[in-house]
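The values are calculated or read from the model by the stated rules, or taken from the named source; none is laboratory data. No experiment lies behind these values; they were computed from the predicted model shown. Positions of Cβ are generated from backbone atoms using ideal geometry, with glycine treated the same way; all protein chains shown enter the neighbour counts.
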Amino acid sequence: MAAAPRTLKRRKSAGVDRLPGEPTASTRVAAMLRVDQAGEYGAARIYDGQLAVLADDACAPAIRKMRAQEAEHLAAFDRLVAERKVRPTLLSPLWHLAGFALGAGTALLGREAAMAATVAVEEVIDDHYARQVERLGDDEPELKKLLAEFRADEAAHRAEGLAQGAERAPGYSALTAAIRAGTRAAIWLSTRV
C-alpha cells in the first residue's frame, strides 16, 4: 500500500497562514519597493539618454515632462525605501548605464524609435504595477494608492509615445519585443539582487 502524500503545514505569521519558505508580507513589500525604486531610476535614466540626443527635437518637451514624473516617482520610492529600511538593489550601477544607453541608443535611431522604447517599457511597467496592486489586496492601502497613481502616469507615458509616432519606428515589433523582454529581466533581477 502506498503512503499518503505529505502535506505541508501552514505556519502562522502575523495571523496569516503561509507555507514554510513562503515570504512574509513585509518581505514581499520590501521586494516590491526595491524593484520599483530601481525601475523608476532606470526610467529616469532612459529619458536622460533620450534627451541627450533629442534635446532640440519637437518631442523634447514631452520627454522632459515624462522625466519629471519619473523623478517624482523615484523620490517617493527613495523615501519609502529609507523609511522601511529596505536594501536597494545592488544593480543600480548597471541600471544607470543600461537605462541611459537604451534611451540614447533608441534616440539615435530617431524620435519614433525612442518613443517605441517608451511604449515598450511603459507597457511592462503598467502590467507590473497592476500585479503589485492586486497582490497587495487590502494590505498597505497607502502603497496601493501610490502604485495606482504611478500606474496611471506610466499609461499616460505609453499613450504619449504612441502619439509621438512610436509605431512608425523601423522594426517596431522586434524592437519593442526585445525591450519588453529586457525590462522583464531587469524587474526579475532587481527584485532579487
Next item on the list: Return the residue satisfying two criteria in turn: it lies in the stretch 137-155 and is in contact (Cβ under 8 Å) with a residue 60 or more places away in the chain and assigned to a helix (DSSP H, G or I), and of such residues it is farthest from Gln69 (Cα to Cα).
Entry: Leu143
Check: Is there a residue being modelled with pLDDT under 95, surrounded by 16 or more Cβ atoms within 10 Å (Cβ to Cβ) and touching a Lys or Arg at 6+ places or on another chain (Cβ under 8 Å) anywhere in the stretch 140-158?
Finding: no
Check: Taking the stated definitions as given, is Ala130 modelled with pLDDT under 95, of a type in the set (A, V, I, L, M, F, W, C) and in contact with a Phe, Trp or Tyr (Cβ under 9 Å, 6 or more places away or on another chain)?
Finding: no
Next item on the list: Would you point out which residue out of Thr27, Thr118, Thr89 is farther than 18 Å from Thr176 by Cα, in contact (Cβ under 8 Å) with a residue 40 or more places away in the chain and of a type in the set (Val, Ile, Thr)?
Entry: Thr89
Check: Quick one: which of Ile63, Ile46 is touching a Phe, Trp or Tyr at 6+ places or on another chain (Cβ under 7 Å) and among the β-branched types (Val, Ile, Thr)?
Finding: Ile63
